[in-house]
1. Give me the one-decimal nm value for the distance between modelled label points at residue 161 and residue 80, 7 Å along each residue's Cα-to-Cβ direction.
2. By how many nm would the segment from residue 97 to residue 192 grow when fully extended, if each residue of separation counts as 0.36 nm and the alpha-carbon distance is taken off?
3. Grab every C-alpha pair in the stretch 4-46, bin the distances at 10 angstrom width from 0 up to the longest one, and report whole percents.
4. Any chance you could look up the accessible area of residue 113 with a 1.4 Å probe, heavy atoms only, rounded to 10 Å²?
5. Quick one: which residues, 5+ away or cross-chain, put their amide H under 5 Å from the amide H of residue 53? H built at 1.01 Å from N.
6. Considering only Cα-Cα distances, which of the following residue pairs are longer than 21 Å: 79/103; 34/79; 34/167; 103/184?
7. Taking only protein heavy atoms into account and a 1.4 Å probe, give the accessible area per residue of the stretch 64-143 in Å².
8. By how many nm would the segment from residue 114 to residue 135 grow when fully extended, if each residue of separation counts as 0.36 nm and the alpha-carbon distance is taken off?
Amino acid sequence: MYEFIILSLLMVFPGINGYSMTKIANDAIGPWVKISNGTLYPLLTKLEQLGLIERVNPENAQKQQDRHSHAFVITETGKQRFHQLMMETTANLGDYQRLFYLKMMFMNLLNSDERLFLFDHYINYCQMSLLHCRTEARDFERGMKTRTAQDRFDHQTAFMLMQHKEKTWQAEADWAQGLRNQLKAQAETKAAILSREREDQNLAFSFQPVEEKFIKPIDED
């Protein structure tokens, strides 16, 4: 996830230094998860060695030797890696909800089809989680019937939690579906406008006046 965050920030803020990178990243993933300097700077070095980012001289830096003043830009190889990470949907599935929220901040760097793909995947991810919650709650409810009153009280609390998780995933799926519908409508509207503009251009071209050529009269002697 940290590699994705660094490359994403450099896509949007070329020339950003390590200190600013840490602050923006922690604001995005906080408050309970933080990226420390001990994690950030070794990773920056690794990404630089892989040719994904390059170090540049920051403007108005007072201490060039201070690692906090080192600024970075993303390379063409880094941009390709960023795109690969954006479109990756099979890694970090246990934490994919939070990862998807991070991806949403950089959706404008993708085309419409790629955005729709990510939303479709996330909606399916929510629906699978919802199905798991429903199956788990149904099986748990069946087992409650054979328990004592005290056991049923303890398990009723757990069952309520399962129902809460189910409602949460349903709300998440509905939210993602709504955003997906808006994105699709915007893409269709944009495509219709472009199509109409091309038709107008073709129509205007077909009505361009043809240059008339006159035959020069023969001089009479």
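The values are calculated or read from the model by the stated rules, or taken from the named source; none is laboratory data. Just so we're clear, the structure is a prediction, and the values are computed from it rather than from any experiment. Don't worry about glycine lacking a Cβ; one is built from the backbone with ideal geometry, like all the others, and counts go over all protein chains shown. Side chains included, ligands, DNA and RNA excluded: accessible areas come from the protein's heavy atoms. Shrake-Rupley method; radii C 1.70, N 1.55, O 1.52, S 1.80 Å.
1. Distance between label points: 4.7 nm.
2. Here the answer is 30.9 nm.
3. 28, 63, 9
4. Rounded to the nearest 10, that gives 120 Å².
5. Residues meeting the amide H criterion: 48, 75.
6. Too far apart for the 21 Å limit: 34/79; 34/167.
7. Ligands and nucleic acids excluded, the figure is 55 Å² per residue.
8. Gain on stretching residue 114 to residue 135: 4.4 nm.
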